[in-house]
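The values are calculated or read from the model by the stated rules, or taken from the named source; none is laboratory data. What you see is a predicted model; the values in this text were computed from it and never measured. No Cβ is skipped: glycine too gets one built from the backbone with ideal geometry, and neighbour counts run over all protein chains shown. Ligands, DNA and RNA are excluded from the accessible area calculation, which covers all protein heavy atoms including side chains. Shrake-Rupley method; radii C 1.70, N 1.55, O 1.52, S 1.80 Å.
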Amino acid sequence: MATSGEQTEGVGIVRWATFAGVCVLALVWSAYSVGAQNGTFLTQDFGAQYHLAEITAHGAIPLVDFEHGWNAGSFWVSAVLYAIASGSPTIWYFLWGRLLGAGLGAVLAAAIGLRLRLHPAVMVAVALGVLLLATPLHIKYTICLLWVFVLLPTGRLESRPRLAAAARVLLPALVFWQYVELAVLLTGASGLFELFARRGAPWRTRILSCVQLAGGFVLGLVVEAAAYKVLWGLSFADFNRQVILGQTATHEGSQYAVWNFFDLPTESGRYFILALYPFALLLPFVPLVWQRISDSTRLIALAGLVLVVVPIRRVDNPHTTTVSALVLLAVVLVVAELCRPPLVEPDSRGTSESVSKPTRSLIALPLAGAGVLWAAATLWIGFGLQSMAGAVLLVALAVAGAVAGGAFLRGATAAVSAGALVVLGGVPALASVDHLDDMRRDAKSFQVTDAITRWAGPEYERCSGGTREALVMPNYLQLYDTLDITNPTPYYLFHYDFAQYEDVLVPQLEDGSIPVIIETMPLHTPQPWLTDAIHADYVPCSIVRIEKQATTVTIWTHKSRGTIDQRDLTIRQGEAIPTPKG
């Protein structure tokens with residue numbers, strides 16, 4: 001895998017075959033991962049985009065959706081997909097969300113592997129990572145992968161200056177027509193790359209590249225404003241309010257959250273993505289790593305870095321996952337390149353930039369402390385400020401640490417980087433241990449069992465008349481231990497084919513061989529024969545409603561035990577009170 005400049009190695013038939021296999025896999029996964037879309041789908045964000053696609057297809061003016069950054073071009077694309085789907089929300093979502101989202105994302109990841117001449121196994125790993133882990137939700141976030149694929153500083157683009165200039169102008173203009181937010185962020189990322197991360201190009205060329213990127217963004221803005229004015233009579237003031245000012249006003253002051261490393265949301269069972277995201281995001285910017293990685297990896301890492309505004313604004317799995325494809329790709333490339341010997345590359349002055357060799361020094365520990373401070377400050381400030389300033393400072397600190405570290409640390413690079421890696425790796429590791437401890441302390445099933453034992457236990461003693469035999473159904477079988485009772489039957493699991501035991505259990509229910517039944521919740525699978533037998537031969541001695549756990553326990557006693565005092569209690573705020581009538 002070359003690090004920058006033109007590729008000297010051919011793609012080869014194996015890589016092409018691997019790429020073709022990824023394309024087939026992406027199509028199959030896209031088809032089989034989508035379900036039928038119903039009315040619930042049409043009331044949410046995806047449903048809103050479906051509606052906008054529908055009205056655009058019928059001739060409506062596609063004004064910008066300033067809450068999400070969608071722009072005119074994206075509505076036209078969606079309208080075309082709507083027409084292809086013949087209005088079916090399921091087929092439209094397959095095309096717009098799955099195929100052109102995760103599916104195209106995996107294909108682009110493999111295509112980047114082709115350009116960088118990655119090993120076929122690495123290409124497959126990256127594609128699977130995009131499909132299964134860092135999955136773009138829909139077409140919007142595949143733009144990020146398309147951006148770096150086009151602008152990778154390698155191959156034909158580098159050898160043809162005019163083609164490279166056209167790409168840097170046209171790509172921001174086209175993305176602006178699609179998604180305003182991504183046009184701003186990715187243009188900024190490419191500008192940072194040209195100014196601070198690119199090697200082997202003179203400053204004049206790098207500044208010219210920045211001008212071309214900015215010019216492309218302005219071109220998209222001007223052309224779209226003119227189109228709205230000429231075709232639909234929309235004034236520039238209204239256009240500016242919709243496209244630019246509306247973006248900032250919508251999210252002002254309330255959309256940015258603190259990234260609490262030790263108390264992250266755990267929905268969807270994908271806690272590890274949230275926990276590892278900061279580590280993976282900042283790994284390429286550790287000074288020693290930054291020196292060793294190629295220009296292409298630097299561009300990918302910077303593009304992933306500026307997208308941090310998306311998950312910081314909404315700290316949850318979907319928003320983190322959907323912008324993690326570039327971060328995943330950067331980490332894979334970092335690992336691949338760190339496994340190779342250091343390379344010497346020319347810097348912007350034409351001299352050689354070599355990776356600094358570590359030196360032994362008595363001040364290694366203080367230097368490592370400097371790395372700890374940099375990493376800790378980047379995490380704490382960047383992920384801790386509840387405002388847009390957090391994302392801006394995170395980018396600034398990450399880039400400053402990488403650039404300054406590579407320029408000034410020299411022999412101290414290894415020590416400083418070691419300290420930074422301890423923090424970046426230690427935070428998610430400690431957070432995971434803390435998470436496991438939280439799960440241990442918050443075992444909900446035992447909390448419910450303890451509550452049942454505390455509040456229904458005395459009622460069992462009253463209703464049972466001293467017998468220690470009772471049947472607990474259907475769940476919370478820990479009650480056999482906590483109430484010190486024995487199951488008079490050999491049956492514990494009330495599964496879907498429990499009716500096979502009807503001939504054995506019904507006689508026991510009728511003759512009182514099961515003196516007490518503790519019902520903790522309704523049966524998951526209805527068993528009419530069982531409930532009918534209970535209602536025929538037992539009376540509800542006590543009903544205990546525990547409000548905090550939303551649990552109702554019914555203690556049934558056999559009719560042969562004679563007249564009993566029936567109670568209906570509600571446990572509210574730690575007190576047992578008679579359940580109000582009605």
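Identify unpaired cysteines across the chain, taking unpaired to mean no other cysteine Cβ lies under 4.7 Å from the residue's Cβ.
C23, C144, C210, C339
Which far-off residues, 5 or more places away or on another chain, put their amide H under 5 Å from the one on Y256, with H placed in the peptide plane?
none
Taking the Cα atoms only, what angle lies between the long axis of helix 104-116 and the longest principal axis of the chain, rounded to 10 degrees?
Compared with the principal axis, the helix lies near 40 degrees.
Just read off the accessible area of T18 with the full protein assembly in place, 1.4 Å probe, to the nearest 10 Å².
For T18, the solvent-accessible surface is approximately 20 Å².
Any idea which of L108, L409, S235 is furthest toward the positive side of the dipole for the chain, if Lys and Arg beta-carbons carry +1 and Asp and Glu beta-carbons -1?
Sorting the options by dipole projection puts first L409.
Order the peptides 434-441, 296-303 from the highest to the lowest mean number of other Cβ atoms within 10 Å of their residues.
296-303, 434-441
Bin by bin, in steps of 5 Å, what percent of the Cα pairs in segment 132-172 do you find, going until the bin that has the longest distance?
Cα pair-distance distribution for segment 132-172, in percent: 5, 21, 26, 19, 11, 11, 7, 1.
From the mean inverse distance of alpha carbon pairs (Kirkwood) and the Cα radius of gyration, derive Rg over Rh for segment 360-414.
Using Cα coordinates only, the ratio equals 1.07.
From Cα coordinates alone, what are the radius of gyration and Dmax values for segment 377-467 in angstrom?
In order Rg, Dmax, the Cα atoms of segment 377-467 give 25.7, 83 Å.
Around L471, which amide H atoms from residues at least 5 apart in sequence, or from another chain, sit under 5 Å from its own amide H, with H modelled in the peptide plane?
Here V516, I517, I518 satisfy the definition.
Over segment 459-582, what portion of Cα pair distances is larger than 21 Å, expressed as a whole percent?
So the portion of pairs separated by more than 21 Å is 39 percent.
Find the accessible area per residue for segment 438-500; the probe is 1.4 Å, ligands and nucleic acids are left out, and the unit is Å².
54
Could you work out the relative contact order of segment 454-522, using alpha carbon pairs under 8 angstrom and six or more residues apart, expressed as a whole percent?
Rounded, it is 45 percent for segment 454-522.
Pairs of Cα atoms under 8 Å, at least six residues apart: use those to get the relative contact order of the chain, whole percent.
About 11 percent, as a whole number.
Residue by residue through segment 273-290, which ³J(HN,Hα) values in whole Hz follow from phi under the Karplus form 6.51 cos²θ - 1.76 cosθ + 1.60 (θ = phi - 60°), with glycine and proline marked x?
Here the 3J(HN,Hα) series is 5, 5, 5, 8, 4, x, 4, 5, 4, 9, 3, x, 9, 5, x, 5, 5, 4 Hz.
State whether segment 49-206 is rounded, prolate or oblate according to the following rule on the C-alpha gyration tensor (a ≥ b ≥ c being the square roots of its eigenvalues): a/c under 1.5 gives rounded; otherwise a/b larger than b/c gives prolate, and the remaining case gives oblate.
oblate
Would you calculate the separation in nanometres between label points at A17 and R162, each defined as 7 Å from the Cα along the Cα-to-beta-carbon direction?
With each label point 7 Å from Cα toward Cβ, the separation is 3.9 nm.
Using DSSP to call loops (not H, G, I, E or B), can you name the trypsin sites (Lys or Arg not before Pro) in segment 497-575 whose Cβ has at most 16 other Cβ atoms within 10 angstrom?
K548
Please list, in order, the residues from segment 185-221 whose amide nitrogen is less than 14 Å from a point placed 7 Å along the Cα→Cβ vector of L234.
221
Using the eigenvalues of the Cα gyration tensor, what equivalent ellipsoid semi-axes result for segment 496-560 when each is taken as the square root of five times the eigenvalue, whole Å, largest first?
22, 16, 8
Compute the Rg/Rh shape ratio of the chain: radius of gyration over Kirkwood radius, all on alpha-carbon atoms.
Checking Rg against Rh, the ratio lands at 1.11.
Mind checking which of L329, F46, W29 is farthest towards the positive end of the chain's charge dipole, using Cβ charges of +1 (Lys, Arg) and -1 (Asp, Glu) about the Cα centre?
The listed residue farthest towards the positive side: L329.
How much of the accessible area of the chain, in percent, comes from carbon and sulfur atoms when a 1.4 Å probe is used?
Answer for the chain is 64 percent, counting heavy atoms of protein chains only.
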